[in-house]
Every structure is written in C-alpha cells, then in structure tokens.
Amino acid sequence: MSEATDAALVDAVARTFTATPFDHVGVAVSGGGDSVALLLLMQDWAARSGARLSAVTFDHGLRAEAPQEAAMVARLCRERGIAHDILTWAGWNGQGNLQASARMARYREIAQWARKRGVEAVGLGHTCDDQAETFVMRLARKAGSDGLRRMASRFERHGMEWVRPLLGVERSMLRRYLERQGVGWVEDPSNADDGFERVRVRKALEVLAPLGIDAQVLGAVAENLASENSLLRQTVQQALHGKVVERCGALSLSHDDFQALHSEVRRRFLNAALQWISGAQYSPRSTAQGEFEAVLLGRGTQTLGGVIGWVARDRVWLAREYQAVMDLHGSPFDGRWQIEGPLDGMDIRALGAEGLQQCPDWRHLGLPRRVLLPVPAVWDAGRLVWSPVSTAETRHKAVRIGPSFENWLCRD
C-alpha cells in the first residue's frame, strides 16, 4: 500500500509537467514537511524524466532559527546530489505589511535566482490543506469567486512559471511519505501560534471535519468556483475587447466606454488593471477599489496600490505611479521590464522629469506625461543613454515581462 501511495505522489508531480516538459526545473524548499516532500518527489520525477533539478531556500531574516533550517536543507540536498542555493532578504523598510512584503520579495528573488540558473519553472509545496485554509480565510473577507476559486496549479509571476504539483494532496499524506523515506523536516513554531489567522483557521477546520467539511470538500468547491470564474473572465475579456489600449505599460479606454460597462465588468477590469500594472499579488480591498472607481467615473484623479488613474481628453488612464518606482534600480525594473542591450557601467532607473527633459519630442507620442515618467531608462550618471521615449539609436530595448493585459484577463 505504501509503495502504491508513493507512486501516486510521484505521478501527481509528473502530471504537473506533462503539458509543458522542462529541461531544468527548480523547487523552493523552506525545510517544512510540505516542501521537503516536494523536493524528494521532484527528484524522483526528474530522475525518471531526465530533467535537471535545482533547489533554493529563501531566508526572510525574520526568525533566529531560519539560518539553521536553511543549512538543514543544504545538507539534505548535498547528500542527495541536488544543486542548492540559499537566498537571504534584508529588504524590508519597516513600512506596509511585513508578511505581504516578505511574500513579494520571495517570489521576486527566487525568480531572479531561477533565471540565473537557467531554471524554466519553480515548484511550490502548497497542498490541499493550504487550499482549504486559504478558502476559509478569503470567505471571512467576503470574497467572490475570484478569491474563492481554487489555487492555480500553474501561474506566471516576475517572468517565471510557478507550479504547484501537490494541490490535490493532503499534508498528512506527505508527512507519512517522509517518515517512510526516513527524512526529517522542520516544524515552524508559528504553526502553533493562535496569533496567526491561518493557525486559527486550521483548528476551525478540525472542528468542521466531522460535519463533512474538510480539505477535500472545500477543494472541490473551489474547483467548481474556478470553472464558473473562468466563464466570467471570458465574459469580461469579450466586453473589453477592442476598447482597452495598452501602451508603455499603461492602459486607457474612453470614459464613455468605461461608464457604459456593467458594474461587475468595470470592477473586474479595475482589479485586473491594478494588479497587472503594479504586479501586486492580490486585488485591493473592495472599499478602496470602490472609491477609486467612483473618482474615475467623476473624472477625477486617484492613486491606489502604486497605480494612478485619471481622465484626460475623455479617456480614462491607468499607469504606474512614478513615486512607486522613483527609487528603483536595475533590471528587471519594477518586476515588469527586462532591459536588453549593453549595460556595462550603466544604471537602470525610471525616466522621470529629468529624463523627459532630455527627450524634446516626447509629446509627438501622444501619451500623457504621467505614462512616461515611470518607464525604465538607461542612464550614465546624469546623462540619459536610452529610454522608450528617446530617439537615440542604441541597441537597447525594454521587454515587458509577462502576458499582455488582454491575456492577463483570462489567466488561471
């Protein structure tokens, strides 16, 4: 029975990679049971498929035990002949939500690691239990089908593909698998701290299980909602087709078209646009989004989540807020732009007012100033070398990371 179970787990991983075979895959390993089990399962799959496997551990620098846990993963990988790297983060500036900032940094830094390694996709150890816990947490926030639908088994972020092979597998099954393999794991002490919402939800699910409301059932509900949500997303895409213009990472449509949209379509358009432009993992809270929408309907100007919206010449514009990127440097820029061309000794930062002054013909583009200020540019000290706005003949170009906005609307 245990051999059949182990084979089923390996098959679950193999099915994830059936549609798109990869030559080199990565796996994010924290040291917890879920990610350690995924490491072993992906190694088994990689050996059978001939793919290369690399592992990475991201130390958020938030717990004293984290370096020892990363070292434990490093030892395990060394014993099994798996290439492994440890990434550390010390980038939180004390502003905003710490957990959200750490999560965003984790995806961003691991994506950069993967590109340097030549990794084509990164595996994550989310399980059926994670799905159920997330479902309940979002239910408490009055989420609709966008929030309650199942987690995506594959998705793109920061120019990297991410896969979740274990979404149909319960956490307890992975623990038993590790015990059979004789491999240990680390239990994060925060998993027993009732101060965390996810821990309280986990305990609540234990109470609901005798009523038939368990991880598998909630996963099935999330799957049903995902199917309905897919149809709704296609409807939104069709309603917006031919109306939304994408230029320099900004979006626009006529105010008349914006106003004529069904209220649900308009809400979904704004949520998708805010995420697509800012790179945020989640849409804003409904109250903030409602205020943002009302201001645009009234032809005003408003910012939300690093995005600025306004109306000019009877068009609604949505663009990256310059203040959100003015201190950023390097490529990929803002997690959205990959800069190509000779960059030795050069700096990559936003065009800004200083750069726009060095592009006297920028008005010929027919784009508002707010659209151009946050675009990436190549600098040599205070001299503008190149930007999408300049007419300088160089070998540089900016390639937007990720799908077009229209494709983004129908993402899984």
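Tabulated data
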read-out: Degrees separating the helix 215-240 axis from the principal Cα axis of the chain, which is the longest one; value: 20
read-out: Measure of compaction for the stretch 237-281 (Cα Rg per 2.2 N^0.38 Å); value: 1.12
read-out: Part-to-part distance (alpha-carbon centres) for the stretch 205-222 and the stretch 355-377, which is given in Å; value: 53
read-out: Mean separation of Cα contacts under 8 Å (6+ apart) over length of the chain, as relative contact order %; value: 12
read-out: Using alpha-carbon coordinates, inclination of helix 197-208 to the longest axis of the chain, degrees; value: 50
read-out: Solvent-accessible heavy-atom area per residue, rounded to whole Å², over the stretch 275-321 at 1.4 Å; value: 46
read-out: Percentage relative contact order, the stretch 242-329, counting C-alpha pairs under 8 Å, at least six apart; value: 30
read-out: Protein accessible area in the chain, 1.4 Å probe - carbon and sulfur %; value: 50
read-out: Degrees between helix 286-297 axis and first principal axis of the chain (Cα, 0 to 90, nearest 10); value: 20
read-out: Whole-Å distance, taken between Cα centres, linking the stretch 238-313 and the stretch 66-82; value: 45
read-out: Calculated P(r) tail over 18 Å for the stretch 288-412, as whole % of Cα pairs; value: 58
read-out: Distant-in-sequence amide H partners of residue 84 (H built 1.01 Å from N, under 5 Å); value: 55
read-out: Sum of side-chain charges, residue 201 neighbourhood, beta-carbon under 14 Å (Lys, Arg +1; Asp, Glu -1); value: -1
read-out: Percentage of interatomic Cα-Cα distances in the stretch 299-341 larger than 16 Å; value: 48
read-out: Square roots of 5 times each gyration tensor eigenvalue, C-alpha, the chain, largest first, Å; value: 39, 27, 19
read-out: Point-to-point label distance, residue 227-residue 247, nm (Cα→Cβ direction, 7 Å offset); value: 4.3
read-out: FRET E, pair residue 178, residue 357, Förster distance 56 Å, beta-carbon r, rounded to 0.05; value: 0.40
read-out: Cβ crowding within 10 Å averaged over residues, with 353-360, 189-196 ranked highest first; value: 353-360, 189-196
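The values are calculated or read from the model by the stated rules, or taken from the named source; none is laboratory data. Quick caveat, the model's predicted, so the values are computed rather than measured. FYI the Cβ positions are ideal-geometry reconstructions off the backbone, even for glycines, and counts take in every protein chain you see. Please note that ligands, DNA and RNA were not included when accessible areas were found on the heavy atoms of the full protein model with its side chains. Shrake-Rupley method; radii C 1.70, N 1.55, O 1.52, S 1.80 Å.
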